[in-house]
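Down below is the structure, laid out as structure tokens.
The values are calculated or read from the model by the stated rules, or taken from the named source; none is laboratory data. Please read all numbers here as calculations on a predicted model, not as lab measurements. Heads up, the Cβs are rebuilt from the backbone with ideal geometry, glycines too, and the neighbour counts pull from every protein chain shown. Accessible surface is based on the protein model in full, side chains and every heavy atom, while ligands, DNA and RNA are left aside. Shrake-Rupley method; radii C 1.70, N 1.55, O 1.52, S 1.80 Å.
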Amino acid sequence: MEAEGLPGALELAAGGGGAGLSPEKRAALGASLALLKRDYRFEAVWFWGCVHGVRGTYYIAQGLGADRAAPRSRLYSLDCVEWSLLTPVAKEVGEQAERLKGRFQGDPSFQYEYAEVSAEDAERLLEDGVEPVIKEEDRLIATIDQIDRAVGIVPRGAFVKTPLGSVHENRNFEGLSLTEAKKLSSYFHFTEPSNLKNKTLLEKANWDPSTDFLDSLEHDIPPGSWTVQPEKGGAVVVLRSLLWPGLTFYHVPMTKQYGYIYFGTGEKNLDLPFML
């Protein structure tokens, strides 16, 4: 969610509970995120949320450029004041990080042993002088990326894709109606689409290529992995992910106010298919 409107957005996303951030933390975030935007020269800064560890909590922010679909810069803080840049990890490290189980420790330098590694791969790594271990900092960036791909969402029409392929905020977006806001089909995954190529020409007949360039939530697997609830008498619609507990999206119908935030342990609900 946008850093500028963070206090109000937290109230909407958490049903008035402030999403678990103390007034001191919210004040610190308001000041430090503004400095992040200035120092790193970001076009916009989003507060992504928190990953709660055993001994500490990671506060996550994302820096965006003019093209909103371009890779984002991700930063973390342990105190909402000092921020460290997270560097993207190699594909192999990311795949290993996604296999790790259990809580985060809250220590960026903590090391995990590879969850699954063959004898050949272990020998190759040792020959290259690399131990088969993963730093928690690498696991953190892999988890953030995994959550964004799976449940990072935006309302239909909030962004437009130009003929050159760049994605920008839609200045003409005035929000979804309450009726549309209650439908899963009105929300898109804000990541590279994977299901669009499987759509028939008939299904694409009423689509606008400038706004319908992302995958809809209505075909997410497993079905039923989202809850949609109007709150505050229909003044706000809240979506919660059951696949990644802690991910909350909010939208105020007929306005430009929307966003998502994550407050959780960074663990996927692998039992969800058996719970539905």
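Once ligands and nucleic acids are excluded and a 1.4 Å probe is used, how much of residue 109 is accessible, expressed in Å² to the nearest 10?
Roughly 80 Å² of residue 109 is accessible to a 1.4 Å probe.
What number comes out for accessible area per residue over region 153-266 if the probe is 1.4 Å? Units Å², please.
Spelled out: the 1.4 Å probe surface of region 153-266, per residue, equals 51 Å².
Using θ = phi - 60° and the Karplus relation 6.51 cos²θ - 1.76 cosθ + 1.60, list the HN-Hα couplings for region 91-98 in order, rounded to whole Hz, with x at every Gly or Pro.
4, 4, 5, x, 5, 5, 5, 5
Can you give me the % of accessible surface on region 153-266 that is carbon or sulfur? Probe 1.4 Å, all protein chains present, nothing else counted.
54 percent
How many angstrom lie between the Cα centre of region 243-276 and the Cα centre of region 134-188?
Cα centres, region 243-276 to region 134-188: 12 Å.
Once the whole set of protein chains is in place, how much accessible area is left on residue 110, using a 1.4 Å probe, in Å² to the nearest 10?
70 Å²
In terms of modelled amide H atoms, which long-range or inter-chain residues lie less than 5 Å from the amide H of residue 134?
112, 113, 114
How do 85-93, 253-261 rank on mean C-beta neighbours within 10 Å, highest first?
253-261, 85-93
My understanding is that a pair violates if its Cα-Cα distance is over 22 Å; which of 25/232; 25/183; 183/232; 91/135; 161/256 do that in this structure?
Pairs exceeding 22 Å: 25/232; 25/183.
Which cross-chain or sequence-distant (5 or more) residues have an amide H under 5 Å from the amide H of residue 159, H modelled 1.01 Å from N in plane?
The answer is 170.
Search the structure for amide H atoms under 5 Å from the amide H of residue 259, placed 1.01 Å from N in the peptide plane, and list their residues when 5 or more places away or on another chain.
So residue 259 has HN proximity to 250.
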